[in-house]
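Engineer: Here it is, the structure in full.
The values are calculated or read from the model by the stated rules, or taken from the named source; none is laboratory data. What you see is a predicted model, and the numbers here were worked out from it, not measured in a lab. For neighbour counting, all protein chains shown are included, and Cβ atoms are generated from backbone atoms with ideal geometry for every residue, glycine included. Calculation scope for accessible area: heavy atoms of the full protein, side chains included, ligands and nucleic acids excluded. Shrake-Rupley method; radii C 1.70, N 1.55, O 1.52, S 1.80 Å.
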Amino acid sequence: MIRENISLLPYNTFGIDVKTRYFATFGSLAELHGLCGQVTASGLPYLIIGGGSNLLFTHDFDGWIIKSDMQDIRVLETDAGSCLIEVDAGVVWDDFVAYCVQHQLYGAENLSLIPGTTGASAVQNIGAYGAEAKDIIETVNCMEINTGNIFCFRNEELQYGYRTSRFKTEWQGRFAITSVRYRLSRIPKLNLDYKGLCEAVEQQDNPDRLAAVRQAVICIRRAKLPDPAETGNAGSFFMNPVIPKTHFEHLQAQYPAIPHYLLPDGQVKIPAAWLIEQCGWKGKTFGKAGVHPKQPLVLINTGGACGTDIAALADRIINDVYGRFNIKLHPEVIFL
């Protein structure tokens, strides 16, 4: 279905009221194929969205916004150790996680309550509490917009990294993801290495350990992250920066308590939230935009903000962090 001059307010979690020239949805591969022809022939720019939870619109979009309405979950194969599930790109990510937990399938539970769709999970390589989507993705099915050709990419072809993939870099905008195949474990195997998660699980009054992990993650997220339905936000706005060990050692001499995570390649990951808080931005506002008082990694729409308001706040934070720590923060959110 194609509609014209549609407000994108319901389709971005920041709650930015901008319009798009065309808004198109597809409920089948045949519909997507036909849509690809129209989009290509128009010569206008296009954007494929999921739940709109990783986008910042700074102005009206003079082109096509494309969204999947494909909503099926299919079990393809099951053996003693694992289960392969194909999930259409339009399925809400947390609905898929709930499905896995309900069916005692391990691997997605740490990613509970992350906003967005399964299609977006394969683009962004979403992650939380020591887990990432790439850990369970086996293949990704998609259609090339310019040709209508169908492709199936294996996990190893997608060059997954921290919040990135080839879909975000060299292939940006080239493909519309139609479904993702995830390999889940049927053997009980929990990832509780993330600081504080194990304790949170123990506090759950639930003998089902898998369900207890999901409940714990949901509780943690709700305690420190605002609900987009109440306060416009896109979750974590910045990626955690990775710096050389020599740079870290220099900072550690000045800030002995600086939190950090040593990576296998010898570099060091620093929590962006800590850097932002050290610069005094936690809980502060700038115009109609602000920094969440419980989680400084989250920028919020305090009411009636435009995308440019959020962008201006982000720029000030980036400049302040760079000026103090010589570290350049990079947004996880896509600016449009």
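Engineer: Among 320-327, 288-295, how do they line up by average Cβ neighbours within 10 Å per residue, starting with the highest? Present the calculation step by step, with values, prior to reporting the outcome.
Structural biologist: Details: 320-327: 15.9, 288-295: 19.1.
Ranking the peptides 320-327, 288-295 by packing returns 288-295, 320-327.
Engineer: Going by a ≥ b ≥ c, the root eigenvalues of the Cα gyration tensor, does the range 1-81 fall in the rounded group (a/c under 1.5), the prolate group (a/b larger than b/c) or the oblate group?
Structural biologist: Numbers: a/c = 2.87, a/b = 1.52, b/c = 1.89.
It is oblate, given that a/c is not under 1.5 and a/b is not larger than b/c.
Engineer: What accessible area, in Å² to the nearest ten, does a 1.4 Å probe give for residue 243?
Structural biologist: It works out to around 10 Å².
Engineer: Roughly how big is the range 222-336's charge dipole about its Cα centre, with Cβ charges of +1 (Lys, Arg) and -1 (Asp, Glu), in debye to the nearest 20?
Structural biologist: 180
Engineer: Note down the relative contact order for the range 33-108 as a percent, whole number, built from C-alpha pairs under 8 angstrom at least six residues apart. Please list the in-between numbers first.
Structural biologist: Details: 71 pairs, mean separation 16.7, N = 76.
Normalised by residue count, the contact order of the range 33-108 is 22 percent.
Engineer: Counting only the heavy atoms of the protein chains, how much of residue 74 is accessible to a 1.4 Å probe, in Å² to the nearest 10?
Structural biologist: 80
Engineer: Also: Hey, with R₀ at 22 Å, roughly what FRET efficiency would residue 302 and residue 59 work out to, going by the Cβ-Cβ distance, to 0.05?
Structural biologist: According to the calculation, E is roughly 0.65.
Engineer: Tell me, what are the semi-axes, in whole angstrom and largest first, of the equivalent ellipsoid of the range 79-136 as set by the roots of 5 times the Cα gyration tensor eigenvalues?
Structural biologist: Details: eigenvalues 57, 33, 24 Å².
Working from the Cα gyration tensor, I get semi-axes of 17, 13, 11 Å.
Engineer: Follow-up. Could you work out how far apart the two model spin labels at residue 319 and residue 156 are, taking each label as a point 7 Å from the Cα in the direction of the beta carbon, and quote it in nm?
Structural biologist: If labels sit at residue 319 and residue 156, their model points lie 4.7 nm apart.
Engineer: Put 194, 160 in order of accessible area, largest first, 1.4 Å probe: what do you get? All intermediate terms of the calculation are to be shown ahead of the outcome.
Structural biologist: Numbers: 194 105, 160 35 Å².
So, going from the largest accessible area down, we get 194, 160.
Engineer: What does the extension gain come out to for residue 249 and residue 335, with contour length at 0.36 nm per residue minus their alpha carbon separation?
Structural biologist: 27.7 nm
Engineer: Testing the spin-label approximation: label points 7 Å from Cα along Cα→Cβ at residue 1 and residue 284. State their distance in nm.
Structural biologist: 4.5
Engineer: Can you give me the relative contact order of the chain as a percent, contacts being Cα pairs under 8 Å and 6 or more apart?
Structural biologist: That works out to 16 percent.
Engineer: Rounded, prolate or oblate: which one fits the chain, using the alpha carbon gyration tensor with axes a ≥ b ≥ c (rounded when a/c is under 1.5, else prolate when a/b beats b/c, else oblate)? Write down the numbers at each step before the final one.
Structural biologist: Numbers: a/c = 1.65, a/b = 1.13, b/c = 1.46.
Oblate shape, in that a/c is at least 1.5 and b/c is the bigger or equal ratio.
Engineer: Let me ask something additional. Enter the accessible area per residue of the range 127-259 (Å², integer; probe 1.4 Å; all protein chains in place).
Structural biologist: 52
Engineer: Something else: Can you list the lysines whose alpha carbon sits under 23 Å from that of residue 195, skipping same-chain ones fewer than 8 residues off?
Structural biologist: 134, 224, 245, 269, 282, 294
Engineer: Classify the range 4-44 as rounded, prolate or oblate, taking a ≥ b ≥ c as the square roots of the eigenvalues of its Cα gyration tensor: rounded when a/c is under 1.5, otherwise prolate if a/b is larger than b/c and oblate if not. Could you put the intermediate results ahead of the total?
Structural biologist: On the way: a/c = 3.40, a/b = 1.76, b/c = 1.93.
Verdict is oblate for the range 4-44.
Engineer: Give me the percent of DSSP beta bridges within the chain that run antiparallel, rounded to the nearest 5.
Structural biologist: 80
Engineer: Could I ask something else about it? Considering only DSSP beta bridges whose two residues both sit in the range 1-81, what percent are antiparallel, to the nearest 5?
Structural biologist: Here the antiparallel bridges make up roughly 35 percent for the range 1-81.
Engineer: Now for a separate question. Can you give the three extents of the C-alpha atoms in the range 170-245 along their principal axes, from longest to shortest, in whole Å?
Structural biologist: Over the range 170-245, Cα extents along the principal axes are 46, 40, 33 Å.
Engineer: Highest mean first, what order results for 13-20, 95-102, 226-233 on Cβ atoms within 10 Å?
Structural biologist: Answer by packing, highest mean first, reads 13-20, 95-102, 226-233.
Engineer: Counting alpha carbon pairs within less than 8 Å and at least 6 residues apart, what relative contact order, in whole percent, applies to the range 1-149?
Structural biologist: Dividing the mean separation by the residue count of the range 1-149 yields 20 percent.
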